[in-house]
Structure formats: C-alpha cells, structure tokens
Amino acid sequence: MFFVVVGVILVVCNLMGWGPMANWNWAILDDHGNWGDLWKFVLPFALAVAWWVWSDATGWTKRKAMIRDDQRKQDRRDRNIDAMGLGHLHKHRNGKTRPKQ
C-alpha cells in the first residue's frame, strides 16, 4: 500500500505542477534517445505489484490474516468467559486471570 500511495503522490504532484515532479515528462525516451521520466511514475506501482505477488506467493498475507482471526477468536472467548463470571478460572491471552467478583 505504501508504494501505491507514493506513486499516486508522484502523479498528483506532476499533474498539479508541484515540486521537481512538475518537470518530469511522460515519455519513455526523450528527444535525444535517453530514458524519459515515465519509469519514475511506473516504478512505485511496479514495486507494489512485486510486493503483492511475493506476499501472496509466500503465504505471508494468509498467515497474517490467520493470526488476526485467531486473536479475534480468543478475545471473543475471553469476553464470553468474563461475561459468565468465570474469568477468575481462565487465563486470558495476556496471561492474566480476572479477579473473582
């Protein structure tokens, strides 16, 4: 997401004429056969795609989602146990028991 935000900021700065990005052109090659500035706009979006491909291929995204789901599930269990008044018999995720009321 960071790379996408950077890419959008670069494009907006160019279109609005702000900063050094105002002088960048959208050409692949300039008049002299040198590289144009299009790569500067494309690079953040290409890095975002590479990041998403890597995180999906390695399972990083899925692992993070599973950890989040497990934490939500445990929090729900802890709330339910506390609501039943049994918090003093149960160790919560943070390792503490609730005092008996």
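Bear in mind these aren't lab numbers, they're just calculated from the coordinates by the rules spelled out. Computed from a prediction, not measured in an experiment: that's the story for all the values here. Reconstructed Cβ throughout: ideal geometry from the backbone, glycine too, with neighbour counts over all protein chains shown.
A few notes on this one:
- Rounded if a/c under 1.5, otherwise prolate or oblate - region 1-58, Cα gyration tensor axes: oblate
- Residues in region 42-67 reached by a label modelled at Ile9 [backbone nitrogen below 20 Å; 7 Å Cα→Cβ]: 42-52
- Trp18-Arg63 FRET efficiency (beta carbon distance; Förster radius 41 Å; 0.05 resolution): 0.55
- Charge-dipole axis of the chain as Lys and Arg at +1 and Asp and Glu at -1 on Cβ define it, positive-most pick from Ile28, Val4, Met16: Val4
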